[in-house]
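Peer 1: Quick one: this structure, given as structure tokens, is what I'll be asking you about.
The values are calculated or read from the model by the stated rules, or taken from the named source; none is laboratory data. What you are looking at is a predicted structure, and each value in this text was computed from that prediction instead of being measured. No Cβ is skipped: glycine too gets one built from the backbone with ideal geometry, and neighbour counts run over all protein chains shown.
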Amino acid sequence: MKFLENVLEPPAYGWKNNLGGLSKPNTSQLFEEFFSRLNIIKTKKNWLSFTSWLLVLFLVPFLVLFIFKYFSLYGLVIAFIYGMVVMGTHGTIWHHRYCTHRAYKFTNNFWRFFTQNLTLKIIPEEIYAVSHHVHHALSDKPGDPYNAQGGFFYCFLADVNHQPIARDMTEADYDKCVNLMSHTGITQNTFHQYKKWGTIANPLRTIISIVLNWSFWFIVFYLVGGLALVCAIFGAAGIWAVGVRTFNYEGHGKGKDKRREGIDFNWDDMSINQIWPGFVAGEWHNNHHLYPKSARSGFKPYQIDNAWYYIKFMSMIGAVSWYHDSKEDFYKNCMPNKSIQTKIIEH
């Protein structure tokens, strides 16, 4: 716990106030921190956050071209499906259940690489995965990098303000941090390189992987549907990249207790199950906080879980060698009567 409490770079306004509660900066402070941490002239250690938002800016022209030059109802449908379902589901499959929680294991590196690059590469694994461990350890408490009680912009700007790793770790702590990412396949900096760049990810290899990923998908979509399809899909990816930054604010009740009996079963934090993120991305958030290491979080019959369907399919074809499924534990611990009825029907 102590390691996770110190693994992220604290913001200028700190995690806690003088009374030990959550430090709640105003909007001006949040944006001041945001632009300070994007400033690569100030320090090259800001390169990863800068790159992440630069990618979003690169997608804006595609969105503008789609809206004003290539717009069609067909393109709009494609953009909606790609931006909401494909990108959202992939984020759950890759960043959430694999990179952070190791809920399943690939048979070999090919299938890991295949899954990693199923969509446009926008969010660096390091920014998501390390901070997400902290989110679970300190959920809705001071130190939670996207604590909804801090307000909308506290969460929306968190990938820059709160999620980068600490820049003054000892070599022992850096090794622990690297271990959190060792299974993801990203090229990791040595401790000496970390002291220079402030990240686990290697700048050159990271940028090369992004360029190759974007080039591949540009060519594929262009060959399939020309620039109209490219603009629709790349533009939709940009909308997702911005929209996904709002999720944890919504997923934790906007800082209020919106949990419901019979729908939400984890009462250790303010996470809630929501229909829309569940249907489009398999993100049943309260279920996930209850069983964070499960490859499935859609436990009830109506809880569609596209991320789980992909993982299960990959297991069936031999691409995934192991996964953890907590559905049986959910029914046993949260709905024991239903579990008994199900076993009677099965027999």
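Peer 1: Any residue in the stretch 88-103 that is closer than 19 Å to Ile304 by Cβ sitting within a Cβ distance under 7 Å of a residue that is assigned to a loop (DSSP other than H, G, I, E, B) and among the aliphatic types (A, V, I, L, M)? List the pairs, counting only those 6 or more apart or interchain.
Peer 2: Sorted first by the residue in the stretch 88-103, then by its partner, the pairs are His90/Leu118; Arg97/Ala103; Arg97/Ala295; Ala103/Ala295.
Peer 1: Further question: Any residue in the stretch 264-283 that is buried (at least 16 other Cβ atoms within 10 Å of the Cβ), more than 21 Å from the chain's Cα centre (by Cα) and small (Gly, Ala, Ser)?
Peer 2: Looking through the stretch 264-283, none of the residues is buried (at least 16 other Cβ atoms within 10 Å of the Cβ), more than 21 Å from the chain's Cα centre (by Cα) and small (Gly, Ala, Ser).
Peer 1: Mind telling me which of the residues Phe80, Phe113 ends up being within 16 Å of Ser182 (Cα to Cα), assigned to a helix (DSSP H, G or I) and of a type in the set (A, V, I, L, M, F, W, C)?
Peer 2: Testing whether each residue is within 16 Å of Ser182 (Cα to Cα), assigned to a helix (DSSP H, G or I) and of a type in the set (A, V, I, L, M, F, W, C) leaves just Phe113.
Peer 1: Could you check, for the stretch 104-123, whether at least one of its residues is among the aliphatic types (A, V, I, L, M) and within 30 Å of Ala12 (Cβ to Cβ)?
Peer 2: As a first pass, look at the stretch 104-123 and keep what is among the aliphatic types (A, V, I, L, M): 118, 120, 122-123.
Right, trim to within 30 Å of Ala12 (Cβ to Cβ) and you get 122-123.
Scanning the stretch 104-123 turns up at least one residue that is among the aliphatic types (A, V, I, L, M) and within 30 Å of Ala12 (Cβ to Cβ).
Peer 1: While we're looking at this one, here's another question. Residues Val77, Val64, Val60: which one is aliphatic (A, V, I, L, M), free of Cβ contacts under 8 Å to residues at least 24 places away in the same chain and over 27 Å from Ala137 (Cβ atoms)?
Peer 2: Values: Val64 fails: free of Cβ contacts under 8 Å to residues at least 24 places away in the same chain; Val60 fails: free of Cβ contacts under 8 Å to residues at least 24 places away in the same chain.
Result of the check over Val77, Val64, Val60: Val77.
Peer 1: Cβ-Cβ distance below 7 Å, separation of 6 or more or different chains: which pairs start in the stretch 179-194 with a residue that is over 18 Å from Asp168 (Cβ atoms) and surrounded by fewer than 20 Cβ atoms within 10 Å (Cβ to Cβ) and end on one that is modelled with pLDDT of 95 or more and small (Gly, Ala, Ser)?
Peer 2: From the stretch 179-194, the pairs are Met181/Ala129.
Peer 1: Please determine, by comparing only the residues of the stretch 187-225 that are assigned to a loop (DSSP other than H, G, I, E, B) and over 21 Å from His136 (Cβ atoms), which one is modelled with the lowest pLDDT.
Peer 2: Thr187
Peer 1: Do we find that Val230 is touching a residue at least 60 places away in the same chain (Cβ under 8 Å) and among the β-branched types (Val, Ile, Thr) in this structure?
Peer 2: Criteria met by Val230.
Peer 1: Starting from the stretch 19-36, take each residue that is more than 14 Å from Tyr146 (Cα to Cα) and in contact (Cβ under 8 Å) with a residue 60 or more places away in the chain and list its partners that are loosely packed, with under 15 Cβ neighbours inside 10 Å and small (Gly, Ala, Ser), counting only C-beta distances under 9 angstrom and pairs at least six apart or across chains.
Peer 2: Note: pairs meeting the criteria are Glu33/Ala12.
Peer 1: Is it true that Asp257 is exposed (fewer than 14 other Cβ atoms within 10 Å of the Cβ) and either at pLDDT below 95 or within 27 Å of Ala103 (Cα to Cα) (or both)?
Peer 2: Against the criterion (exposed (fewer than 14 other Cβ atoms within 10 Å of the Cβ) and either at pLDDT below 95 or within 27 Å of Ala103 (Cα to Cα) (or both)), Asp257 does not qualify.
Peer 1: Go through (1) touching a Ser or Thr at 6+ places or on another chain (Cβ under 6 Å); (2) in a loop (DSSP other than H, G, I, E, B) and name the single condition Met169 misses.
Peer 2: (1)
Condition check ((1) among the small types (Gly, Ala, Ser); (2) out of contact with any Leu (no Cβ under 8 Å at 6 or more places or on another chain); (3) touching a residue at least 40 places away in the same chain (Cβ under 8 Å)) across all residues:
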site	(1), (2), (3)
Arg112	no, yes, yes
Thr115	no, yes, yes
Ala129	yes, no, yes
Ser139	yes, yes, yes
Phe153	no, no, yes
His162	no, no, yes
